[in-house]
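Encoded as structure tokens, the structure appears first; notes follow it.
The values are calculated or read from the model by the stated rules, or taken from the named source; none is laboratory data. Just so it is clear, the model here is predicted, and its values are computed rather than measured. Here the Cβ is made from the backbone with ideal geometry for all residues, glycine too, and neighbour counts use every protein chain on show. Note: accessible area is taken over every heavy atom of the protein model, side chains too, but ligands, DNA and RNA are not part of it. Shrake-Rupley method; radii C 1.70, N 1.55, O 1.52, S 1.80 Å.
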Amino acid sequence: MTPVLYSFRRCPYAMRARLAITLSQTRVELREIILRDKPAAMLTASPKGTVPVLMIGDEVIEESLDVMKWALADHPLGALSGEDAELIALNDGPFKSALDRTKYATRFPGTDPNAEREKACTFIATLEARLSGPWLGGHTASLADYAILPFIRQFANTDATWFAEQPYPCVQKWLGDFLASPLFQSIMNKYERWDELNPSEPVYFPSNP
């Protein structure tokens, strides 16, 4: 049975899943959803109501990093060092918190978005110091690169002009090369919303496994 992936195109967590699935050339049935109108089938499988959700028969994987690890289990990128795990934890914790309060300040009364942006830049500076080559580990991409890049994209997009003017040339090039890559472009194809009441033919992803 083909695994089923519930995804939302612009969600950085869902991007993680699609990146890993594409890199491993694992074939899944893609169900593109709208977060404001989540399908009952997805909520039954994963009541927390966030994407990605991966269903493998009766097994449900509902955390993006776990989806990545599942997809890349037999792939060289699947190895995750302790240092990389710590970097991802910083991304998913303090950086994501500051990013949300920068991008969605109105959702957090009393928040100063400029102060939160400065907090986020602490993590950007950490990445800048780490990027001794084209990737966080040097000349070879790692799971950490693909786990973190979607969130750096989201942060940069909060104010692209401001971000381009900041003193982070290595991060800017790292992000720019990623956004221009065939890999990123392939995971950002647009798909029709999956309609559980009127299902059409399954959409398989990646399209050319």
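What the table below lists for this structure:
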quantity: Relative contact order of segment 1-106, defined on C-alpha pairs under 8 angstrom at six or more residues apart (%); calculated: 28
quantity: Hull volume in cubic angstrom per residue (convex hull over the Cα atoms of segment 73-114); calculated: 91
quantity: Distance cut-off 19 Å, percentage of C-alpha pairs in segment 1-88 lying past it; calculated: 36
quantity: Pairs of lysines in the chain (C-alpha under 19 Å apart; 8 or more residues apart or interchain); calculated: 5
quantity: Nitroxide proxy distance, nm - points 7 Å out along Cα→Cβ at T2 and N157; calculated: 2.6
quantity: Chain lengthening between E118 and Q166 when straightened (0.36 nm per residue, less Cα-Cα); calculated: 16.1 nm
quantity: Cα-based radius of gyration of the chain once divided by 2.2 N^0.38 Å, which approximates compact folds; calculated: 1.04
quantity: For segment 102-209: relative contact order, % (alpha-carbon pairs under 8 angstrom, 6 or more apart); calculated: 20
quantity: Mean Cβ count within 10 Å, highest first, over the residues of peptides 153-163, 23-33; calculated: 23-33, 153-163
quantity: DSSP-defined beta bridges in the chain - what % are antiparallel, rounded to 5; calculated: 70
quantity: Solvent exposure of the chain as accessible area per residue, Å², 1.4 Å probe; calculated: 51
quantity: Solvent-accessible area, 1.4 Å probe, carbon plus sulfur percent, for the chain; calculated: 51
